[in-house]
Structure formats: C-alpha cells, structure tokens
Amino acid sequence: MQFTELTEQEYQKFWENHPLKTFLSAPEIGKLREQSNWKTTFVGVKEKKKILAATMLLSHKRHFGKYEFYSPRGYLLDFKNEKLLTFFTTELKKYLKQKKAYVFRVDPYLIYKQRDLDGNIVENGVDNTTVVTHLKQLGFKQVPIPEMEQVGWMFSLDLAGKTEDEILKEMKPNTRNIIRKTEKYGITVNEISYDELDRFQNIMIETGQRKGFSIRKLSYYQEMYKLFHDKNEVKFFITELNLKKYIENLEKELTEKNKKLETLNSAKYNEGQKKNLQSEIASLTKRIKESKQIIKTKKTDTITLSGSMFILIQPEIIYLSSGNYEEFMKFNSQYLIQWELIKYGIKHGFKKHNFYGIPANINTHPKDYGIYEFKRGFNGYVEELIGEYELPITWHYKLIKLIHKIKK
C-alpha cells in the first residue's frame, strides 16, 4: 500500500462510487471553503494504482503558524478494515506534520448504532462500536456533541422499492391529513432561481431572529447554487398561497357544512354531529375573515409562506435548511414541501429522504423534541453517526485548545 496525494479528478471519481459519500465530502465543498481562505488537498491510499481509501483535506492557518486540518465526512474507506484504517491514519499523521498541522478533525458519515423510529437501539442491528474503539486507539479524541461542526443525529425515510401510496399510508394520520389539506387549499411549492435567492434568505433571517440561531449570508446560498445547481444537486423552494383561491375553497366548504347542518333534525342522537359541524363552521368562518384581513394588510393576493433548501446527491435527498414566516406557520406548508420532495425522490430513483438534523439522544425527549416530532410524523428511523474526532499532531494542540477555551 502507498499513501499519496490525489488529483481532484481521481478523488472525484472515487467519491462518486463510494458508499459513504455525501455532499459535505464533495470537492465542491472544498471550493466553497476556499471562499473563506481554506486550502483544499486530496490524499489517499493506492495499491497497484487502485485507490483503496481517500479523503479531502481542508486546511486553515491558526495560531503560531500552525494549521488546522479538517476532512468533512471523511474518510472514504472501509472502516472495518483495521489494517487499512491504521495505515491511512499513521501515514496521514506523518504527512500532516510536514504540513505544519497541529490537529486533524474528521466526522465520518458512518452509523454508530442502528436505531428505530423512537431512537431506541435496534437489537442485533448495525453497531460500529469497534470502529470508535479503533479510532481512539489510533489517538483520536472524541469531540463533545455540542462542539461538533456537523449534525450527529439524523432522521431518514427509506424510499427504495416504495410507492407514493405506501409511504403516505405509513405516515402518522395527522401528518397525512395536513398534507391533504395543504393540497386541497391550493398551496404551491415553487423552485426559485439564483436571482430569487434573496427571497429564501429573507425567510431564513426572520426564522433565525425568532428562534435565536445565526443565519448564513446570502453569498453562501449563492455559492452553493453555483457549485451544485448545474448538476441538479441543489434546489431551493418557496411555498406560496393565492388567498383569493384559498378563500373560494373555504367558502365552498363552509356552504357544504352549513347545508349538512341544516339537514340534521333536533333528535338527541344528532347532537354530537351538530357540535362538530358548528365547530368546523366557526373555524372556517374565522379563517375566511383572517385571510381577507391579510389581503387588506399586505395589499396582495399571493403570500409567501416558507422556504427550504435541499441537496440531491444519490443515494439521498437531504433537507438541509428551512424557514417559515411565523404569521403563516398555521398553513403548515413545510409538510407539503417534504411530500413534494419525497415524491420527487421516488420518481428519480433516490433510496432515501434524509430529514437531516435532530437533537441527540432523542429517546430521552430533549428540549428540542418538537423539531423531531414534525419529522417523525412522516415515519422513518433515527440515524446516530459515530461523531467527530480530533487527532492531535503536535504539542501545540493542547495550547491552542486552551486559547480557544479562554476566548469562548
């Protein structure tokens, strides 16, 4: 075996066919990081000219002229091949010393322990505990969950071999009913162009201010669009509602409910049905009134409700970013966006719809459980990745860690 630098073309070809590939390990992400003064290189292991392992290295100058190296979602190799993993890590450490590195970070796209819909460990399921043990034996230190750069827990839905009807039937009844209502009332899901990305950004700003998280600059979304869109690997969507059509649908439904109520006589056995109809009529009347008020206030018939960003790289579609205008959250348009992309995934042969990040240790019901409940309604399973690891390269590692801790 031989440790060697790779060309971008060699890495790209290996990445395209590797089972652990994801968008974060794509060469385009290296180009994105270069906008923030990171440098990209590619290294790997060859045997008789055949690549056995590879990773993309991103480097950034830190303190004392030393460099931080990071491999997003690397390595690309068979982690159960301990001989290969040991050789690659040992040779990589030598290489990084020559490059004035003080630390190497890595967060493999590898499942730790298989979990079910509720986040509980599946008996006799996938278990990569031995991989974690081996990484630690090689000198890697596990990064605490709150300090990890990428998500460590995800929620996914298998699409392979399934029809739209099958997936719809397996959803929670409430999720299925909400999707049907959003379709019934005429909410539309529209892909936006590069020149419209500011509309998506505005939604994200409003959401970030409301929920207290930092927002990426418009330039990030523009760069992602430029890097991935020509290959149809990134899509931005917004949901819209034509309020006049929405009101027409509500008024039609209101008329039907009133007619039904009129047909019920005063018999006692009709009291329950009458109460339900009266409640539905009151709700419809309220929504009609609210919608007319929105038209009056906003001076427009069509309103933007929400936005989402998806990465579409086989074998999965990743729900990467999203936001909602708070005043329009009651329309539940995010449910429709997910359903449209699930249908897209089935039609175009994707194996998985990845709802992406959820809180860690979801089976203990952490405080952000509501994020998970929305995704859980579509049915699927929890994925816990093995986490992020740091490999100290020189003695500067402890000193620089201390400096960062003091700064925080």
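The values are calculated or read from the model by the stated rules, or taken from the named source; none is laboratory data. Bear in mind the structure is a predicted one, so any value in this text is a computation, not a measurement. So basically every Cβ, Gly included, is an ideal-geometry build from the backbone, and we count neighbours across all protein chains shown.
Answer yes or no as to whether K169 is modelled with pLDDT of 95 or more, in the same structural domain as N361 (by TED's automatic domain parsing) and part of a loop (DSSP other than H, G, I, E, B). So that I can check it myself, show each step before the final result.
Numbers: modelled with pLDDT of 95 or more: yes; in the same structural domain as N361 (by TED's automatic domain parsing): yes; part of a loop (DSSP other than H, G, I, E, B): no.
Taking the combined requirement at face value, the residue does not satisfy it.
Which members of region 350-408 meet the condition of being part of a helix (DSSP H, G or I), of a type in the set (S, T, Y) and over 24 Å from K136 (Cα atoms)?
Narrowing region 350-408 to residues part of a helix (DSSP H, G or I): 362-364, 369-376, 396-407.
Okay, now just the ones that are also of a type in the set (S, T, Y), so 364, 369, 372, 397.
Within region 350-408, T364, Y369, Y372 meet the criteria.
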Checklist entry - For region 44-64, does any single residue satisfy the condition of being under 20 Å from the mean Cα position of the chain (by Cα) and either among the aliphatic types (A, V, I, L, M) or outside the structural domain of F374 (by TED's automatic domain parsing) (or both)? => result no
Checklist entry - Which ones in region 134-150 are under 18 Å from P359 (Cα atoms), out of contact with any strand residue (DSSP E or B) (no Cβ under 7 Å at 6 or more places or on another chain) and part of a loop (DSSP other than H, G, I, E, B)? => result P144, M148, E149, Q150
Checklist entry - Does K347 qualify as being of a type outside the set (S, T, Y), under 21 Å from A160 (Cα atoms) and free of Cβ contacts under 8 Å to residues at least 12 places away in the same chain? => result yes
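From the set of residues in region 87-126 that are within 22 Å of P144 (Cα to Cα) and polar (S, T, N, Q), which is surrounded by the most Cβ atoms within 10 Å (Cβ to Cβ)?
Residues of region 87-126 within 22 Å of P144 (Cα to Cα): 89, 101-115, 119-121.
The next check asks that each one be polar (S, T, N, Q); those that pass are 89, 114, 120.
Details: T89: 20, Q114: 18, N120: 13.
Going through the qualifying residues, I end up with T89.
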Checklist entry - Counting just the residues of region 207-241 that are modelled with pLDDT of 95 or more and over 25 Å from L24 (Cα atoms), which one comes out surrounded by the most Cβ atoms within 10 Å (Cβ to Cβ)? => result T239
Checklist outcome for this item: Of the residues in region 141-158 that are surrounded by 17 or more Cβ atoms within 10 Å (Cβ to Cβ) and touching a helix residue (DSSP H, G or I) at 6+ places or on another chain (Cβ under 8 Å), the one that is nearest to E316 (Cα to Cα) is L157
Checklist outcome for this item: Listed by range, helices (runs of 4 or more DSSP H) wholly within region 186-286 having at least 2 residues that are more than 24 Å from I303 (Cβ to Cβ) and out of contact with any Pro (no Cβ under 8 Å at 6 or more places or on another chain) are 218-228, 243-263
